[in-house]
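To start, the structure under review is shown below, and the notes come after it.
Every number here is computed from the coordinates shown, using simple stated rules; none is lab data. Note that the coordinates shown come from a computational prediction; the quantities given were computed from them, not determined experimentally. FYI the Cβ positions are ideal-geometry reconstructions off the backbone, even for glycines, and counts take in every protein chain you see.
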């Protein structure tokens, strides 16, 4: 299966995760702390089970340093995102989260000595314009503390994404990241579970988010990260809000407007340019050998 298609499937999982979070938190079916903890633990359980069944539990274990940083980054992203989401409009949250993700990953890409090709610059610009045009109409002036939480959440997710290139294997890297994040969550539960509110629907949505959309989706993402540059990883994630809106029309019967279709097309076009530039660069390097 092509890298582009695998990336698209991973983005679909991210969008589904966004939808599950929105259903659970925006509707008040569960509190943010419980949602985060259940999400992380359910993800860890399903991933551990998969490693045990495959006979890989004792193989390819990441270093303690990787586990620590992956756990901190994953917990930081999941917890801060959940709490920030309670006070932010969908458009505002997406702009802050993915803006932070883009800037962080592009900064890491640049600091690693990589430089942008002309076609990549055009692709980045087109994708960002489409993304801002898509989300801006639903954005409102944010609460400062919630905005800060979402920005830090984006930095944490970018760090977790970048760590994917250092994992000994995608499945073990994600599994130990979830284990470490779950342990951190349990240790900090007195802080994040200050106001517990549960419903069966909220719990089931948290389990689905953790076990399926996060656990399996992030494993695929770490698999894809082995073949992507950080630039491609950054830009491709701009498609997530657009896919989430399209999923909303199918699952929640939300209206599909020309604005959504047009801006989604612009975002995907920009992403395609970045992937095309990378493919062209790879072919040129192969031909010169």
Exercise. Can you give the FRET efficiency for residue 58 and residue 183, using 1/(1 + (r/R0)^6), R0 = 22 Å, r = Cβ-Cβ distance, to the nearest 0.05?
Worked result: 0.70
Problem set entry | residue 48 versus residue 256: modelled label distance in nm, points set 7 Å from Cα along the beta carbon direction | 4.2 nm
Seminar exercise, completed: Expressed as a whole-number percentage, the relative contact order of the chain with C-alpha contacts under 8 angstrom and at least six residues apart is 39 percent
Exercise. Which of these values of volume of the Cα convex hull per residue in Å³ was calculated from the structure shown: (i) 206; (ii) 303; (iii) 139?
Worked result: (iii)
Problem set entry | Protection-proxy order for peptides 204-212, 44-52, each taking the mean of Cβ atoms within 10 Å per residue, highest first | 204-212, 44-52
Exercise. Any idea how far apart residue 166 and residue 272 come out in nm if each label point goes 7 Å out from Cα toward Cβ?
Worked result: 3.6 nm
For this session: Measure off 7 Å from each Cα along the Cα-to-Cβ vector at residue 8 and residue 65, then give the distance between these two points in nanometres to one decimal.
Result: 3.9 nm
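Which value at 222 nm does the chain reach when only helices count, each DSSP H run of 4 or more adding -39,500 (n - 2.57), with the total divided by all residues and rounded to the nearest 500 deg cm²/dmol?
Values: 13 runs with 214 residues, N = 289.
That comes out to -24500 deg cm²/dmol.
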